[in-house]
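FYI, it's all coordinate maths here, none of it is from the lab. All figures in this text were calculated on a predicted structure; none of them were measured in a lab. Ideal geometry is used to build each Cβ from the backbone, glycine not excepted, and the neighbour counts take in all protein chains shown.
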Amino acid sequence: MLGAMLKQLAGGGGVSKLTQKAFWKAKNEFGGRGLELSEMLNILKKTIAPLPRLFICIDAIDECTPKHRQELIGSLREIVRVLPGARVFLTGRLHISDEIVTCFSNVLRIPLSPTHGDIMSYLEMRLGGDMDPKVMDDKLRGDIKRIIPERVSEM
């Protein structure tokens, strides 16, 4: 994720000499390893430092594995700590909310929940795109449209 952020910051202008040097050094070491997390984070901080304001937006952070999510959140915390112009916007399911709050001191949470209509529209769209409609009968279709909204409302 940090590598993707660095690539976006480099944009069409290519990769900075600092980044190139770090990647070549890592590649030429025994076994040709990639950059360590700490190396990537340092390059990213040096790349971001001259910017007066930076917004980092990551969608569905809950889909990261717990280990990688902890590393990513820790890295984002470090970026915000040393670069006061950096802002972070994360989206994810509620079950990781506590992880975010413990890493960032000033968090604004905006809980979002789908309405019954949203869920039904989504189900209709997915059921309408069924590649093999002969497999599903009216009873199964009705069960899907009844059970899924009930389960979502229980979450």
(request) Measure off 7 Å from each Cα along the Cα-to-Cβ vector at C103 and I148, then give the distance between these two points in nanometres to one decimal. (result) 3.1
(message) Cut-off under 18 Å on the C-alpha distance; same-chain residues fewer than 8 positions from K45 excluded. Which aspartates and glutamates are left, in chain and number order?
(response) E36, E71, E78
(message) Using the basic label-point model (7 angstrom from Cα toward the beta carbon), what is the K134 to T91 distance in nanometres?
(response) 3.8
